[in-house]
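The values are calculated or read from the model by the stated rules, or taken from the named source; none is laboratory data. All values reported here derive from a predicted model rather than from experimental measurement. Using ideal geometry, Cβ is built from the backbone for each residue, glycine included, and neighbour counts are taken over all protein chains shown. All accessible areas refer to the heavy atoms of the entire protein, side chains included, with ligands and DNA or RNA removed. Shrake-Rupley method; radii C 1.70, N 1.55, O 1.52, S 1.80 Å.
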Amino acid sequence: MNNKPLYIVKFGGTSLLDSGRINQAVAIVSDRLKKAKVVVVVSALGGVTDTLIDIINMAKNSDNDWENQFEQLKARHLQISQNLINNTSGENLIHNLFNDLKKHLLKVYNDKAVTPEKHDLILSYGERASCNIFAAALRNAGLESQAHESQNFVRTNQNFGEAEVNLSVTSTLINEAFSKVNGITPVVTGFIGSTENLQITTLGRSGSDYTAGLLGEALKAERVEIWTDVNGVLTADPDIAPSAITIPHLHYSEIAEMAHFGTKVLHPKTVLPLGLLNIPIHIKNSFFPKNSGTLISHETIDTHGRLRSVSVKKDIVLIGIKSKGLDRIIKLSPRVLQALAEADINVLFNASASSDYGISVVINANQKEKAEEVLTRALDKEILLGLLDKPAFHQDVNMVTVIGESLKNDLGLSGAVLSVLGENNIAPLSAARGVATRHLSLIIPESLANMAARLINDHFCIHARQLRVFVAGTGTIGGEFIRLAKNLKDQDIDLSIIGACNSMYTTWNNAGLGKDVIKILEEQGKPTDWEKIIDHLIREFPYRTVFVDATGSGEVARYYTRLLEAGIHIATPSKRSLTFEQSYFDQLSHYINSNPTHFFFEPAVGAGLPVLQTLRDLLASGDEITKISGVVSGTMTYLFGQLENGESFGKAVHSAKEFGYSEPDPRDDLSGEDVVRKFMILARASGFKVERHEVEVENLTPPDLADLSLDDFLKRISDYDEDWKLKVKEASQKGKVLRYVGEMNEGKIKIETQAVPVNSPLGSLRGADNQIIIQTKRYRDSPIIIQGPGAGKEVTAGALLSDVQKIGRLVF
């Protein structure tokens, strides 16, 4: 081969699913050939290996449909070959391969059995067909290429299904095979080897990665590229934790541990030999080749205290062996491990508090029966004497492993992981970490394993302080909240809007909705179903999640206790939940104070004014609230101000709604209900108990408009322009202006329209201003006055966002 640097370029099955994706892969190889020599390694076409396994099982079980499935598989390969290649030579190769394959399958069908040797031989045809198709596709693109079957130079033992490679012999054979190649791009079958007797073997899961690593090591490649269908190595399996993100850079040792513990990117044996030669590995997405992916090298990148990844290993068995009572079984742990090792049973995990009294080990599920036989034989004397219980086998478990350099030095990190799981009622059955390694493995009930992985990923592997948000209601306030949240620059908290809904549609994205949430909602939303929304939140996100309720809906407010009990925080400007029956408020009040779950509602009174926080601070310091009075409706201040400026009543109502000063239905303001609710909240937050029927209120909604639809109400409200013009004139003639005033005195509430002097504090209010006067035992003669805008989408949404940030700081 010439003096250009050498790249090993491996394509997985998803990158070779059909002719279109194969052409994408050919384009990648063509680009690489501009600057380097390339050896291509290919897996079988996407899904082919699984299909072959299914066909083998059907043939073995005398299911006559095997032949139909076989013909479909053959037709798929022929069709792809025809799409890619302009001659019949490629088709002839496929015909010949599949004719041979059918002979082997017929033998399985006739024998009603398949040997491990035959199983591996049949599986090899997937890679062999793919290899010939890809080499022909390169030639069709004008690139000289030749197919090479790796059983000719990858030498293994006879452990069919997961053969061990003879590295020294294989390295020699690889160099012999490729030393004579000049100007021709080799395409090599992944996954396949052969014994000394040239019986075909397979290298196990992700064996094609291993083949790429063997070639890279033997040929001293400059780099090994693994092309797949994801943007590199992720912090977790995105099917388990959709919020998983790409890890841009990993050390060889980190990816080796990740691969060993189940990260489905690289074969565990692929990494370390390349690391010894300092050959970088680049994991790339063949669908998005410009994406930077993940680079694996000797360089260590600071993770700032975070963990690298979390994986879930399924199809395992937890074996528990313990003595009865306090009987000591001499050398129990080494005897168990030695017995399993001698039977070629790989131990994935072991732990013991006192190794002579009990031990836990984890093995692959497919070795359960063999392990049961081996351990019963090894410990038969103690079992017969009643000193040991029979080994207990638990199959309903998964192994969740967290990996990160930080685990070596941060002694509190392991405890933090366990603490987060404990807060969410997940108790590992067993845990183990090595003294010098970067991993912590936890055995967790299968039903909770995915949740555990999501928790760990979200708490420790991505933004260490990410807070999820679901926004209910995307109208005036909710829409503005989303805009503010998307533009927020907060170094301490990373807000991720995972879902949003309006009265018609709901949309979710566990990894975070894009910038234009409203557009996504309109284009991709599904019908809103509150029960489904609440159930989904409780089931999938009972941690670090804030439910932002901007609906003003009483139906939604009734779900608060369920959400809070499940651990989901709530922030809302809505007054509904706080003004239901007193007993409901009492249930919610448990979460208003310091608790693991938090309920914040500052904008429910005074929009962005710090009214409720002031009351909490006063009470917390031992003061007592005696009286609260003033104007708490920015809407009504705005309305009366417009009337004073000569605007008609109808137009003032319309503009209040248009500018977001009023409730969605202005009658909630005109009826006094909005003010009633605010004063009920103020009274209850001050420690008084009050029910709605106890409040005296003047209703400003014309009686004959009370029961109309909102549209009809808005059309007819101008009928009362003259009435209000007269009231304003009468007040003005006395040097007064109209204000809608509320008063709470020792828990008693009265709300009414008052004519107040123009130059008085209340008379001087302008725009949508509120003024709240608070008297307490300490502030009896000189009350506290809080004044400012009490309505408007910006101030209300800003206060809502502030509440969410407060929750975040309490959570973290």
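Simple rule: put +1 on each Lys or Arg Cβ and -1 on each Asp or Glu Cβ in the range 697-812, find the dipole, and look at 702, 771, 796; the Cα lying farthest toward the positive end is 771.
About its Cα centre, the dipole of the range 717-812 is roughly 440 debye, where the only charges are +1 on Lys and Arg Cβ and -1 on Asp and Glu Cβ. Take the Cβ atoms of residue 384 and residue 106, set R0 to 51 Å, and the FRET efficiency comes out at 0.55. Net charge dipole, the chain: roughly 1840 debye, given to the nearest 20, about the Cα centre with Cβ charges of +1 for Lys and Arg and -1 for Asp and Glu. Only helices enter this figure: runs of n ≥ 4 DSSP H residues, each worth -39500 (n - 2.57), summed and divided by the residues of the chain, yield -12500 deg cm²/dmol at 222 nm to the nearest 500. In this rough spin-label picture, where each label sits 7 Å from Cα along the Cβ direction, the residue 750-residue 342 distance is 9.5 nm. When Rg and Dmax are taken over the Cα atoms of the range 515-581, they come to 12.8, 39 Å.
Taking amide H atoms as placed 1.01 Å from N in the peptide plane, the amide H of residue 430 lies under 5 Å from those of 443, each 5 or more residues away in sequence or on another chain.
For the range 526-680, the calculated P(r) over all alpha carbon pairs, in 10 Å bins from 0 to the bin holding the longest distance, is 9, 34, 31, 19, 6, 0 percent. Paramagnetic label reach from residue 589 (point 7 Å along Cα→Cβ; backbone nitrogen cut-off under 14 Å): within the range 679-706, residues 680-691.
Using r as the Cβ-Cβ distance of residue 315 and residue 721, and R0 as 60 Å, what FRET efficiency do you calculate, to the nearest 0.05?
Working from the Cβ atoms, E equals 0.20.
What the chain shows is 43 Å² of accessible area per residue, with the surface traced by a 1.4 Å probe over protein heavy atoms. Rg/Rh for the range 588-636 (Cα atoms only, Rh after Kirkwood) is 1.01.
Distance from the C-alpha centroid of the range 630-683 to that of the range 371-425: 63 Å, rounded to the whole angstrom. Only protein heavy atoms count here; under a 1.4 Å probe, residue 111 has an accessible surface of about 80 Å².
First check a/c for the range 78-199, with a ≥ b ≥ c the square roots of the eigenvalues of its C-alpha gyration tensor; if it is under 1.5, answer rounded, and if not, answer prolate when a/b is larger than b/c or oblate otherwise. Oblate.
Taking the Kirkwood radius as Rh and the Cα radius of gyration as Rg, the range 32-89 has a ratio of Rg/Rh equal to 1.16. Rounded to the nearest 10 degrees, the angle from helix 89-111 to the longest Cα principal axis of the chain is 80 degrees. Shape summary: the chain maps onto an equivalent ellipsoid whose semi-axes, from the alpha-carbon gyration tensor, are 68, 33, 23 Å in decreasing order. Radius of gyration (Cα atoms) of the range 428-531, expressed as a multiple of 2.2 N^0.38 Å: 1.39. Annotation: the antiparallel percentage among DSSP beta bridges lying fully within the chain is about 60. Each of residue 287 and residue 393 was given a label point 7 Å from its Cα along the Cα-to-Cβ line. The distance between the two points is 3.9 nm. Relative contact order, percent, of the chain when contacts are C-alpha pairs under 8 Å separated by at least 6 residues? With pairs under 8 Å counted, the relative contact order is 8 percent. Under 20 Å from a point placed 7 Å out from the Cα of residue 182 along the Cα-to-Cβ direction: which residues of the range 110-146 have their backbone N that close? Flagged as within label range: 143-146. At the listed q of 0.14, 0.23, 0.25 Å⁻¹, the Debye profile of the range 578-663, built from one uniform point per Cα, gives log10 I(q)/I(0) equal to -0.69, -1.17, -1.27.
The Cα-based radius of gyration and maximum Cα-Cα distance (Dmax) for the range 175-233 are 13.2, 40 Å. Counting pairwise Cα distances across the range 461-615, what percent come out greater than 21 angstrom? Tail of P(r) above 21 Å: 44 percent of Cα pairs. Once both labels are positioned 7 Å from their Cα atoms along Cα-to-Cβ, the gap between residue 536 and residue 264 label points is 2.3 nm. If one takes the longest principal axis of the Cα atoms in the chain, at what angle in degrees, from 0 to 90 and to the nearest 10, does the Cα axis of helix 48-60 lie? Once rounded, the angle reads 60 degrees.
According to the calculation over all Cα-Cα pairs in the range 710-767, the P(r) per 5 Å bin from zero is 4, 16, 17, 18, 17, 15, 10, 3, 0 %. Derived from the Cα gyration tensor, the three semi-axes of the equivalent ellipsoid of the range 669-812 are 29, 22, 18 Å, largest first. The length gained by stretching the chain between residue 141 and residue 698 to full extension, at 0.36 nm per residue less their Cα-Cα distance, is 192.2 nm. Backbone amide hydrogens, once placed in the peptide plane, bring residue 240 within less than 5 Å of nothing, excluding anything fewer than 5 places away on its chain.
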